[in-house]
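To keep things clear, I will list the structure first and then write my remarks on it.
The values are calculated or read from the model by the stated rules, or taken from the named source; none is laboratory data. None of the values given here were measured: they were computed from a predicted structure. Cβ sites come from the backbone with ideal geometry, for glycine too, and all protein chains shown count toward neighbours. Just so you know, the surface numbers come from the protein's heavy atoms only, side chains and all, with ligands and any DNA or RNA stripped out. Shrake-Rupley method; radii C 1.70, N 1.55, O 1.52, S 1.80 Å.
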Amino acid sequence: MLDERDAAGPGRGRLAGFPDATPPIRAAGGVVWRPADDPGPVEGPAAVPRSGVLVCLVHRPRYGDWSLPKGKLEPGEHPLRAAVREVAEETDVRAVPQVRLPTVRYRSEGRPKVVDYWSMRAAATGGFQPATEVDDVRWLGVDEAIRLVSYPHDAEVLAAFAALPTVTATVALVRHAHAGKRATWSGPDTGRPLDARGWAQAHALAPLVALVRPVRLLSASARRCVQTLDPAAALLDLPIEVDGDLDEPRPGQQPDECALAAAARLAALAATGEPVGLCSQGKVIPGALARLSGRPGDFTTPKGGGWLLAFAGDRLLAGDRL
């Protein structure tokens, strides 16, 4: 049987010998960090230089190795949700995802395997207890962790983490879910509600929005935007605040004006250091993200889709599609 240990040699990223139709094993995990001068994970914003952080490694008795915490996706599970779940199951740390790290590819159990990683800030812990799958957890400086891990690809992921700027805030930004066709709605467009497909999308988005542990939920004023956050609001027991800075252009208003207002609102919210969840609209999100990123790119966001945004102060560092 080929397992992770087969990935240690040259060509570990190639899936040679497997037909294109071979479905890969999907897994996800994270580089979980906490400030070095803290006794353990704590609630609330944390901003420290990379030299002042500890990262979490796990020991697996089955393989006798040290690796990053990770695990297989459950059927139909979103990789980001799986990454947070697996980190919690293996380390008993509740972590907040921040920035996507390099994806690792190798062979395992006779099949290609793909592992997605995110950097994660440790937020809370219940107290690790040794188990059959993971019998030890260590918090180490990044350089020490790179020396200890058993696989070169884990060292590469850790090196990518070490190169990141400090993340001070995370934001979940989503576009409203499906609300039928405007032509079939007789009332004002701002009152157009979600349809059955849209409600299914809203319920699927709720646990992803919850991953950033938002302290506030803000929505554009259109009914479909507020409804998109309804399941997240119920899950998190938070009110939904209506914010006109997230609205699409009104008659006579230029799209650039709305993009500028939304970008400024996002930056101001991020500058507080508090995680937030937002719902806006298709004519606003691409322009706002283009302004925040300061570079051209495809920021088109489908209905019911969204972004995990990582900020340093009011500066956007990274955006990962949900």
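Structure above, values below:
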| item | result |
| --- | --- |
| Farthest toward positive dipole pole in the chain [+1 Lys/Arg, -1 Asp/Glu at C-beta], among 319, 23, 119 | 23 |
| Signed unit charges on C-beta, dipole axis of the chain, positive-most listed residue 146, 225, 171 | 225 |
| Probe 1.4 Å, accessible area per residue of region 139-192, Å² | 44 Å² |
| Listed residues 215, 167, 58, most fluctuating in the chain (Gaussian network, C-alpha, under 10 Å) | 215 |
| Protection-proxy order for peptides 157-166, 186-195, each taking the mean of Cβ atoms within 10 Å per residue, highest first | 157-166, 186-195 |
| Cα gyration tensor, region 116-221 - rounded (a/c under 1.5), prolate or oblate | prolate |
| Rounded Å value of the spacing that divides the Cα centres of region 178-240 and region 96-150 | 33 Å |
| Candidate lysines - alpha carbon under 24 Å from residue 283, same-chain residues fewer than 8 apart omitted | 181, 303 |
| Region 51-144: C-alpha gyration tensor shape, a/c 1.5 cut-off, then a/b vs b/c | rounded |
| Rg over Rh, two decimals, the chain (C-alpha only, Kirkwood Rh) | 1.00 |
| Label-point separation in nm, residue 103 to residue 181, each point 7 Å along Cα→Cβ | 3.4 nm |
| Ordering of 144-151, 275-282 by packing [mean C-beta count within 10 Å, highest first] | 275-282, 144-151 |
| Burial order of peptide ranges 233-244, 169-180, 71-82, 100-111 (average beta-carbon count within 10 Å, highest first) | 169-180, 100-111, 71-82, 233-244 |
